Structures are given as structure tokens and as C-alpha cells.
1. Looking only at region 51-65, count every residue that is surrounded by fewer than 17 Cβ atoms within 10 Å (Cβ to Cβ) and either at pLDDT 95 or above or at positive phi (or both) and tell me the total.
2. In region 131-162, what count of residues is obtained for those that are in a loop (DSSP other than H, G, I, E, B) and touching a residue at least 60 places away in the same chain (Cβ under 8 Å)?
3. Restricting attention to region 163-212, and to residues there that are among the hydroxyl-bearing types (Ser, Thr, Tyr) and touching a residue at least 12 places away in the same chain (Cβ under 8 Å), which single residue is surrounded by the fewest Cβ atoms within 10 Å (Cβ to Cβ)?
4. Check region 73-92 and report whether any residue there is within 16 Å of Lys35 (Cα to Cα) and part of a strand (DSSP E or B).
5. Whether any residue in region 364-373 is over 31 Å from the mean Cα position of the chain (by Cα), buried (at least 22 other Cβ atoms within 10 Å of the Cβ), among the hydroxyl-bearing types (Ser, Thr, Tyr) and at pLDDT 95 or above is what I want to check.
6. Restricting to region 282-334, name every residue that is at pLDDT 95 or above, among the hydrophobic types (A, V, I, L, M, F, W, C) and closer than 18 Å to His419 by Cβ.
7. Inspect all residues belonging to region 120-127 and state whether any of them is charged (D, E, K, R), touching a residue at least 24 places away in the same chain (Cβ under 8 Å) and buried (at least 21 other Cβ atoms within 10 Å of the Cβ).
8. Tell me which residues, restricted to region 419-455, are among the hydrophobic types (A, V, I, L, M, F, W, C), in a helix (DSSP H, G or I) and under 24 Å from Thr373 (Cα atoms).
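The values are calculated or read from the model by the stated rules, or taken from the named source; none is laboratory data. This one's a predicted model, so the numbers in the text were calculated from it and none came from an experiment. Here Cβ is always computed from backbone atoms with ideal geometry, including for glycine, and neighbour counts include all displayed protein chains.
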Amino acid sequence: MQKKKRAGLALTIGAIVVLLGGLGWFLAGIFEGEKPGVDLQPLPEFLTGSQKFTLATSDMKRGLKELDVSVTQEGREITILKKKFPFKGLLNRDGAHMFETEFSIDPSKLNLTQGRADLRVRVWDYSRRSGGDGNLSLVQHKRVVDTVPPAIRAISRLHYINIGGAGLIVYQTSSDSIRSGVFVNDLFFPGFPADKESGEGLHVCYFAIPVNIKPHPEVYLWAKDRAGNLSRARFNHRLRKKRFRTVRVNITDRFLKRILPYFSFYHFSPGENDIEKFLQINKDLRKENAQTFYNLRTKTASEKLWDGAWLRQKNVANMAKFGERRFYYYKGKEIDEEIHLGVDLASLANSDVLAANNGRVIFAGRFGIYGLTLVLDHGQGLASVYSHLSKMTVKPGQEVMKGQVIGITGQTGLAGGDHLHFSVMVSGVFANPIEWWDSHWVQDNITRKLALLDK
């Protein structure tokens, strides 16, 4: 009998333990402390206009109970989204455990003022924690409402620019502007602060009209602020048409035999003959070189380095002009067409090459079809190029003065004879060098505008 009583007591205690264990598990389940998951995207620093947000919430235990999205600004709270999720099934097994939605916030429709506005997302679950209110997940995103674009206006008045030539504009932006300049169609020419200490937002911008641009290009001032707001403003300008000559260039086998060995570094397609190799150099390598030249624009100094009219090489004759359209012929058949983006200057073989103006060497080395090449930065996007050299006497990073010997002429690259190929670039876009050699042009188009900064 005693054994049966003890066995019965053990069973009773075991049942109580199981019951208590089950009760503990049940209570732990309904009083679980895991907060709902919340993922809000995007999280912009600024709100400049109507912005769409994606919200994903989840609670895989007790399930979602309530969602509240609001914007607060200066003590005012605006409800954006409010949703309650019903309790379904035993222990809410059939309730909402995942929820995704999209919503938009439009500052103008919500009458938000300029300045800070906080986005707040609150999500509760069906846990019995916190007196039955459930676990709360809170996401707050601080951002600034800024829907006002930066101001920008021209200071200099008249701007006459030749097709293929360059121009300068002096302009002013509001203090919130972080980037500004001139657009010529899709080409951007950055502006540079004229006086960093004045705080008046004065800028200068050198820009160019490409020689091959289509008629009636769109030219305008542009500015961007930290919030991403954009401004554009037109300014008074006149584009002058410029006629460029056409030239026939006859390619001979003798010429090919002489220049092709220089390009042994280039990876030609298998089985190509000499004329096919030439076309690959004249087309593909030329494009690669143009992109490399364009990329050098980022190495410019923010301050003006040059002074006065640019120096033309001494005792030289013009062998080829800027902007001339070259048609290449081989055995009487036209095979290619390219535009010459510099001036070819010839004198005695192995003549000294002089720096056109004060600057800093930003490239010195072999440069594809241009052979040994030097590029000088003159600040604020201006650069000069010296190609087909046989020797260079300066190194990258070195500062040079106008008239300083920087190299020796030669016939490296795709040169038909000893000469200097000289170019001017404006933020990576080639412009007519002849303008910069003309002291009257420099005075009328550049110096007088810069003088406005001193008033």
C-alpha cells in the first residue's frame, strides 16, 4: 500500500511540475520581451520635396498589434500612418506577424517649415508586457526640411564666346551653395570661389564651347546646395560662329612603317595589316587619350596661377590650325575623319619648348598618339598641353614660370615631322589657343571681368 501511495504521490508531483512548467512556458510566451523588428528606408538627411518611404515591420512571436507613423516639428505632431492589427486565433497564431507598406511625406502638403522635422515610427506587439501595452519599437529619424534652392546670379554682364573658344563669367551664389558653375548642354564647367574669406559667394568660372557642338547649345549657370536643391539661371551671352577649314591627309606606306614601331605597346587585334593598325590608333587610342585628358581636369588648383597673355613659342610657323577637320585618305580612298584640337608649331628640329604661362606640371610622360607630353595646370580649370616632345625637362608636381624651358620638340607619337602640338584645355575641353595668345582678347574677355571682383 505504501508503495502505491508513494507512486501516486510521485505522479501527482510530476503532473504538478509539468503543469507548472507548461504554465511557465505559457506565461513566458505571452509576456515575451522581444521587440518588433522595424526597417525604414531611405533615411535622407534632407527633405527637399515629396519623399517616398518603405516601411517593413515584423514580430514572429506574439504578432503585431499597432503601428503609428508621425512627423513632429516645433511641438506639432502630424500623423502620417496609423494601423491596428486584429488578434486572430489561439495565441494570435493567425494574426499579422509581418507587414510592409509605403508612404510619402510632402513638406508643402503638411505645411512643414524650413528646418528640423523628425520622422517617428512606433510599433507595438501583443505581448502582455508593460501592463498589457506590449513591447514597443521606436525609430526616430532626424532630418532637415530644405525646399528652397540656392540663389545664383551673374555679376559680369556681356559674354561673347566663339564656337571652339573660351569664356569667363563672374557670378554670385547664396551661402548654402556647395557646387556651382556653367553647363554647356551636358558639359559641366565648375566654378571656383573668387574670395574664400569674404563670404559673399563670389565665383569665377571658365567655360568653353566645343568646336563640334551642335547649333544653339543651352548655356546656363547652375548651383546645388547640401540638401540637393538645384538652381539654374540664364546669363547674357552671344555665341559667334567660327569657320574651320578642312584638310586632306594622305597616309602612305612609308609613313606607316615609320610611326607604327612607336606603338608597339598597343594591343592590336590579331592579323591586322598596317592601315588597320593605323585606324585603330587614330580612332580608338585617340578616344582613350581624350578621356585621359578630360580626367586631368580634377587636378586643377582652386586659385588662379597664370598672369597676362599667354606666350606663343618663339620663331615658329603654324603648320596646322585648331579645329580643322581632317579627312584621311589611303591610296585615294577616304578611311577616317577627325578634328584637330590644337595648333601645330614648327621651327628648327629639337627646339626649346617654353611654358605658355605660370603653372604646375600635372602630367609628364608618354601619351598615346600625342607621344611625349607635358600638361601644365594654370588653376581654376585652365591647362596647357605640349605634345610630340623628344625630351622633357620638368617633372610632375613641379612649378614653372612663363617662358621657362620645359622640353624639346620632336616627332614622337603620331607626328609626321618634328613640331610642337600645343593645346589649351578648359576643364578638360579643348579650346582655341590663339585666343589666349591675344593680349587684347585676354584683356576684353578675362581681365576686365576679373576686375569686377575688386569693386
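1. Quick first cut of region 51-65, residues surrounded by fewer than 17 Cβ atoms within 10 Å (Cβ to Cβ) only: 51-52, 54, 56, 60.
Applying the additional criterion that residues be either at pLDDT 95 or above or at positive phi (or both) yields 51-52, 54, 56.
Of the residues in that region, 4 qualify.
2. 12
3. First pass over region 163-212, keeping only residues among the hydroxyl-bearing types (Ser, Thr, Tyr): 171, 173-175, 177, 180, 198, 206.
Pick out the ones that are also touching a residue at least 12 places away in the same chain (Cβ under 8 Å) and you get 171, 173-175, 177, 180, 206.
Numbers: Tyr171: 23, Thr173: 26, Ser174: 16, Ser175: 11, Ser177: 22, Ser180: 24, Tyr206: 26.
Looking at residues that are among the hydroxyl-bearing types (Ser, Thr, Tyr) and touching a residue at least 12 places away in the same chain (Cβ under 8 Å), I get Ser175.
4. No: zero hits.
5. No; the residues of region 364-373 include none that is over 31 Å from the mean Cα position of the chain (by Cα), buried (at least 22 other Cβ atoms within 10 Å of the Cβ), among the hydroxyl-bearing types (Ser, Thr, Tyr) and at pLDDT 95 or above.
6. Selection gives Leu311, Phe322.
7. Yes; the residues of region 120-127 include at least one that is charged (D, E, K, R), touching a residue at least 24 places away in the same chain (Cβ under 8 Å) and buried (at least 21 other Cβ atoms within 10 Å of the Cβ).
8. Listed by number, the residues that qualify are Ile434, Trp436, Trp437.
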